[in-house]
Amino acid sequence: MKLTPENIKEYTLSTGKVNLYSLIMIFPVTAIILIPFVLIWDFETFETGRKEFMRLFIYVLIAGIILHELLHGIIWALFTKKGFKSIKFGINGITPYCHCKEPLKVKYYRLGGVMPLIIMGIIPSVAGIILGNGFFLSFGIFFSWAAGGDIISLFMLRKFDGNEIVSDHPDKMGFYVKRN
């Protein structure tokens, strides 16, 4: 179904609010991931891995940005009629983005939205905790931070049924949802 101005409602946040909320999330996200690691292993083990992560930071950052946006695109493309023809990648100012040009069911939009957090944040963090690997932990913490906008978007979607229709906003952080 095509979403038109007559049958949709816009849900967006300003870049300033997204950045503020993401910044606020850094502290609890870090605590949730770092505290178990330090209790099981120690802070020195984390520091050793963090220093290695920082030594490779620019390479990890570039590859990570590409992977983060690709994960959104791959998942969304799986649920669109036109596949990757419906996916647009770009940079808005200094912010990389992936935009889905076709409406999706909310459950598929959520799945595409959460995938970078799971693959690049949660899994490396859990692996770091289990293995006592400070590099994996640092990677997971950093890319959990990088998913801040995605977490906010998922929070904004919380009140919608998974089968409702959502359309990614082409210019702002947010989406349109079909009105019933």
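Couple of notes before you dig in:
- Test: Leu13 is closer than 19 Å to Ala147 by Cα and in contact with a Cys (Cβ under 8 Å, 6 or more places away or on another chain): no
- Matching residues in segment 30-49 - criterion: being of a type outside the set (Val, Ile, Thr) and out of contact with any Gly (no Cβ under 8 Å at 6 or more places or on another chain): Ala31, Leu34, Pro36, Leu39, Asp42, Phe43, Glu44
- Breaking point among (1) within 17 Å of Ile165 (Cα to Cα); (2) modelled with pLDDT under 95, for Ile91: (1)
- Failed item, numbered, when Gly90 is tested on (1) touching a Pro at 6+ places or on another chain (Cβ under 8 Å); (2) touching a residue at least 60 places away in the same chain (Cβ under 8 Å): (2)
- For the residues Asp168, Asp161, the requirement of being surrounded by fewer than 19 Cβ atoms within 10 Å (Cβ to Cβ) and over 24 Å from Ile26 (Cβ atoms) singles out Asp161.
- Filtered residues of segment 139-151 (kept if in a helix (DSSP H, G or I), crowded, with 20+ Cβ neighbours inside 10 Å and aliphatic (A, V, I, L, M)): Ile141
- Qualifying residues in segment 98-111 (those that are in contact with a helix residue (DSSP H, G or I) (Cβ under 7 Å, 6 or more places away or on another chain) and farther than 12 Å from Leu78 by Cα) - the one surrounded by the most Cβ atoms within 10 Å (Cβ to Cβ): Cys98
- Of the residues Phe79, Phe46, Phe53, the single one that is over 28 Å from Ile141 (Cβ atoms), surrounded by 13 or more Cβ atoms within 10 Å (Cβ to Cβ) and aromatic (Phe, Trp, Tyr) is Phe79.
- Residue ranges of helices (runs of 4 or more DSSP H) in segment 29-133 with at least 3 members of a type in the set (Gly, Ala, Ser): 57-78, 123-131
- Taken as a whole, segment 13-26 holds no residue that is in contact with a Pro (Cβ under 6 Å, 6 or more places away or on another chain) and either hydrophobic (A, V, I, L, M, F, W, C) or modelled with pLDDT of 95 or more (or both).
- Yes/no for Ile8 being under 20 Å from Met173 (Cα atoms) and more than 23 Å from the chain's Cα centre (by Cα): yes
The values are calculated or read from the model by the stated rules, or taken from the named source; none is laboratory data. Please read these numbers as outputs of a predicted model, since none were measured by experiment. Glycine also receives a Cβ, built like all others from the backbone with ideal geometry; neighbour counts cover every protein chain displayed.
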